[in-house]
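See below for the structure under consideration.
Nothing in this text is a laboratory measurement; each read-out follows from the coordinates by a stated rule. Here the structure is a predicted model, which means the values were calculated and not measured. Cβ: placed from backbone, ideal geometry, glycine included. Neighbour counts: every protein chain shown.
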Amino acid sequence: MRRVLGDPAGQGEFESQGYVTVPVLSPTELNDLLNAVQNLHPEGDVRSGDGSSVVFSPADPSTARRRQMQQLLQPLFEPHIRRLLPDFRFFSGIYLIKPPGSTGFGWHTDWQLTADWSDVSVRIWLPLTDPGSQTLRVVDGSHRFAREMGAPVPVGFFAPFTDELDRRSRGLAINPGEAVLFDSGLVHRSVANQSSRAMVAVQVTAIPADATPVFCLRAGDARYELIDASGEFWIDNNFLGPDAERQPHWRGLGFVEDPDQHSWEREFRLLFDVEERTGRGRTRWRSLRRHPSTTG
C-alpha cells in the first residue's frame, strides 16, 4: 500500500484496520460548520431529494445547494488534508442529516473514484452532533477483502450477510471535532437515528494528488465505463436523480473489465459458510486487491 497518512503510527493502524480516528476540527470550526449546514436546510425544509427520510446531499435536487456545500467544505478541510494526508488532495464533500426516526444506510463499501484500481481513496467522516453515539459502524480489516463496485446504484451484495456483519462490526465513539479517516473499501454502515433530534455529519473525500478522477458506470456484468469526473462533475450530476443514466455529454475514458469480481464474491460467501459449518471464526480477511484491465 502506498503511504496514506503522514504519521507512521496512524499509517500502521490504517493499513491494519482500514481506518484511523484523529482530531480534525477545533470547537469553533465544528460549531460554525454545524450552523452552516443547518442554514442550508431551514426548519421545516429537512427532506431528501430521493423521497427518503434521510437528507443526503448527493441526492439534493438543488445544484446550487450542492455547490454551496462544496465551497464550504473545501477551504475548511484542505489544510487538514495537507497535514494528515500529505500525498492526497480534496476531491468532494457532502453532508448527511438524519431527522428523528430516520433509517441509516445498510452495509456497503464506497464507489471507486479513480482510474487506477490500486489507488486508495480516503473518506473523512465527521459527525457534527451527538459525539460518542457510535453512528458509524465498521468491520475491521474488511478493506483488504471486498469492494462493491456497482454504480450508480449499488448491487447490495452485502445484504444477505447483515447479521454476520453486525456481529463482526464495532461502533466508533467519536469525540467532538474528531473524524474517522477510512479506506473507501472498508465495509461500513450508519445506524438509524433513535434520538429526539436530527443527527448531522459531513463526509469529505480525498484522493491521491496524481490520481485521475472517474465515475465508474456499470455497463454490464463485471464491466464498467470510466467517465471523466474532473472539475465539478460530482456537483453538476445527481446520481440518485435524473442523471443516474449515461448522459450524452459525459466524456468516456474507456471501459474496465473486472475479471475477479465473482472470485471475491465466492470467497466472501465461503468465508461465512465455513464458519457456519465448523463454528470456527477467522480473524483475518483474505486479501483480494483487484487489478482489472482497461479497454477502449
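Residues of the range 103-138 with backbone nitrogen within less than 20 Å of a virtual label 7 Å along the Cα-to-Cβ line of R89, please, listed as ranges.
Residues 112-124 fall inside that zone.
Which FRET efficiency, nearest 0.05, do F105 and S62 yield, Cβ-Cβ r, R0 25 Å? Present the calculation step by step, with values, prior to reporting the outcome.
Working: r = 21 Å, r/R0 = 0.85.
It comes out at approximately 0.70.
Would the range 8-212 count as rounded, prolate or oblate if I go by the C-alpha gyration tensor, calling it rounded below 1.5 in a/c and otherwise prolate when a/b exceeds b/c, oblate otherwise?
It comes out rounded by the Cα gyration axes.
Hey, rough spin-label estimate for Q71 and D166, points 7 angstrom out along Cα→Cβ, what's it come to in nanometres?
4.4 nm
In whole angstrom, how far apart do the alpha carbon centroids of the range 1-42 and the range 176-250 sit?
That distance is 17 Å.
When the chain is fully extended, how far beyond the present Cα-Cα distance does E13 get from A192, taking 0.36 nm per residue of separation? Display every interim value, and only then the final one.
Details: separation 179, 0.36 × 179 = 64.44 nm, distance 2.75 nm.
Difference between extended and current length: 61.7 nm.
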